Amino acid sequence: MKFIYSLILAQLCFIMTIKAQDFSQYSKGIFVKGKDSMNYRVLLPEHFDSAKTYPVVFFLHGSGENGSDNELQLKNGGSLFLRSDVRKNFPSIVVFPQCSKNSFWSNTKFEKDSTGKTQIIFVKGGKPTKAMHALLKMVNNFLEKPYVSKSQVFVGGLSAGGMGAYEVLRRKPKMFAAAFAICGGDHIGNVYKYRNVPIWIFHGAKDPIVNPQYSKVIADQLKAIGREVKFTMYADAGHNSWDNAFAEPFFLPWLYSHKK
């Protein structure tokens, strides 16, 4: 009984923490250019000085956070960049764009196999999705700002956002200093296009939604061609491997250590 009470208390504390999380420091924005538009939230460094230049991180959320509220995309990862130690040690501009409900970050297909299980089919090449088309223009727009360091542009994401990160990389391989992909995937034929970008790949070995092999084949291919890649497989993690990734003590130091 004591254990049950403790468990209930822990759950209540967790819920209260989530509700109490203040994302108001992320300013709301809407990028519009021609027929393209995209909601985003942006966190500026503490003591921001427009006369200085800062690294910029583009963080792509999972499909569960698709929408138009300009809030859901901060659910996973938003808290990480608000931590006082992170803001102190890694002053940077952090951008969380939001994919609309009727689109997807990457050019992928979903098919049922003979058992009825959904398989993710990654596409080699192809035109960008509506969301990706808008995102690429938005990234270009941010890089035009004088306070953004062109030598430290980073991109990453989780789940569908991890797939999107690979797609951004293959479409803009010379733009990014480093990247990360959490429980994502890509067509192996696209790897050569972003071979020069250092990547840290994360996945949970027990992921029932995105097959861990999707990440493994990308990491193996990058290693095979002698490129810089870090691959971390969490033996006991399911789909929610981003909590493990965010807890890695060298994750952000590794990311921000890269420059073009």
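The values are calculated or read from the model by the stated rules, or taken from the named source; none is laboratory data. Just so you know, these numbers come straight off a predicted model, no measurement behind them. With ideal geometry, Cβ positions are generated from the backbone for all residues, glycine too; neighbour counts draw on all protein chains shown.
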For K230, are the conditions met, namely being of a type in the set (K, R), modelled with pLDDT of 95 or more, outside any helix (DSSP H, G or I) and in contact with a strand residue (DSSP E or B) (Cβ under 7 Å, 6 or more places away or on another chain)? yes
From the list G204, G162, G185, G156, exactly one residue is out of contact with any Lys or Arg (no Cβ under 7 Å at 6 or more places or on another chain) and more than 21 Å from F96 (Cα to Cα). Which is it? G204
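N39 - would you say it is in contact (Cβ under 8 Å) with a residue 12 or more places away in the chain, in contact with a strand residue (DSSP E or B) (Cβ under 6 Å, 6 or more places away or on another chain) and surrounded by fewer than 19 Cβ atoms within 10 Å (Cβ to Cβ)? Walk me through how you get there before you give the answer.
Details: in contact (Cβ under 8 Å) with a residue 12 or more places away in the chain: yes; in contact with a strand residue (DSSP E or B) (Cβ under 6 Å, 6 or more places away or on another chain): yes; surrounded by fewer than 19 Cβ atoms within 10 Å (Cβ to Cβ): no.
So N39 does not fit the description; no.
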In the range 236-258, anything over 24 Å from G64 (Cβ atoms) and either assigned to a loop (DSSP other than H, G, I, E, B) or touching a Leu at 6+ places or on another chain (Cβ under 7 Å) (or both) is listed as P249, F250, S257, H258
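Conditions (1) assigned to a strand (DSSP E or B); (2) basic (K, R); (3) at pLDDT 95 or above; (4) touching a Phe, Trp or Tyr at 6+ places or on another chain (Cβ under 7 Å), marked per residue:
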site: M16; (1), (2), (3), (4): no, no, no, no
site: D22; (1), (2), (3), (4): no, no, no, no
site: K28; (1), (2), (3), (4): yes, yes, yes, no
site: F31; (1), (2), (3), (4): yes, no, yes, yes
site: N39; (1), (2), (3), (4): yes, no, yes, no
site: V57; (1), (2), (3), (4): yes, no, yes, yes
site: Q73; (1), (2), (3), (4): no, no, yes, yes
site: D85; (1), (2), (3), (4): no, no, yes, no
site: K88; (1), (2), (3), (4): no, yes, yes, no
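May I ask you to list the residues in the range 75-90 that are in contact with a His (Cβ under 8 Å, 6 or more places away or on another chain) and either surrounded by fewer than 22 Cβ atoms within 10 Å (Cβ to Cβ) or closer than 18 Å to H258 by Cα (or both)?
Correct list: K75 only.
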Considering only residues that are under 12 Å from V95 (Cβ atoms) and in contact with a helix residue (DSSP H, G or I) (Cβ under 9 Å, 6 or more places away or on another chain), look in the range 145-167 and name the one that is surrounded by the fewest Cβ atoms within 10 Å (Cβ to Cβ). V148
For residues that are in contact with a Phe, Trp or Tyr (Cβ under 8 Å, 6 or more places away or on another chain) and surrounded by fewer than 24 Cβ atoms within 10 Å (Cβ to Cβ), scanning just the range 191-205, find the one that is nearest to G156 (Cα to Cα). W200
Log entry, pairs with first residue in the range 159-186 being within 13 Å of H203 (Cα to Cα), second being of a type in the set (D, E, K, R) and buried (at least 24 other Cβ atoms within 10 Å of the Cβ), beta carbons closer than 8 Å, six or more apart or on different chains, reads M163/D186
Taking into account only those residues within the range 193-230 that are in contact with a His (Cβ under 8 Å, 6 or more places away or on another chain) and free of Cβ contacts under 8 Å to residues at least 60 places away in the same chain, which is nearest to K172 (Cα to Cα)? S215
